[in-house]
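Have a look at the structure below, then the notes.
Readers should treat all values here as calculations from the given coordinates under stated rules, not as data from a laboratory. Just so it is clear, the structure is predicted and the values come from calculations on it, not from any experiment. Cβ placement follows ideal geometry from the backbone for every residue including glycine, while neighbour counts extend to all protein chains displayed.
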Amino acid sequence: MNTERFIAGQRKGLNLFFATFAILLSVMWSATFCDRAFYLGWGWDREILWLTPPMMLFGVVLRFVCMAIFRFVDGVRNGS
């Protein structure tokens, strides 16, 4: 397998995973907020309201580190 294609696939997979993670957190936060604000009785745990921002921040930092590693590997492969 071509190394360039492999690294591109890894980047695409990481972006897909991060987008899924961000969407899931957003849906959970929105559902909890609506449940608490409008007394809907869905039973969502209110801790997600304050846990979501640190989880999202950790995800962004992790994505940044992974992209830096991919860039380093691609640079080493190209000899730059």
Rounded to the nearest 500, what is the chain's calculated 222 nm mean residue ellipticity when only DSSP H runs of at least 4 contribute -39500 (n - 2.57) each, over all residues?
-30500 deg cm²/dmol
In a shell of Cβ-Cβ distance under 13 Å around Trp42, excluding Trp42 itself, what net charge do Lys and Arg (+1) and Asp and Glu (-1) give?
0
So what is the relative contact order of the stretch 1-56, in percent, for Cα pairs below 8 Å that sit 6 or more residues apart?
28
Between the DSSP loop rule and a limit of at most 15 other Cβ atoms within 10 Å, which chymotrypsin sites (Phe, Trp or Tyr not before Pro) in the stretch 35-80 are left?
Tyr39, Trp42
Exposure proxy check on Arg77, Arg11, Arg5: fewest-to-most Cβ neighbours within 10 Å is Arg5, Arg77, Arg11
Per-residue HN-Hα couplings for the stretch 2-15 [Karplus 6.51, -1.76, 1.60; θ = phi - 60°; Hz; x = Gly/Pro]
5, 4, 4, 5, 5, 5, 4, x, 5, 4, 4, x, 5, 5
For the chain, just list the percent of Cα-Cα distances falling in each 10 Å bin from zero outward, please.
17, 34, 22, 15, 9, 3
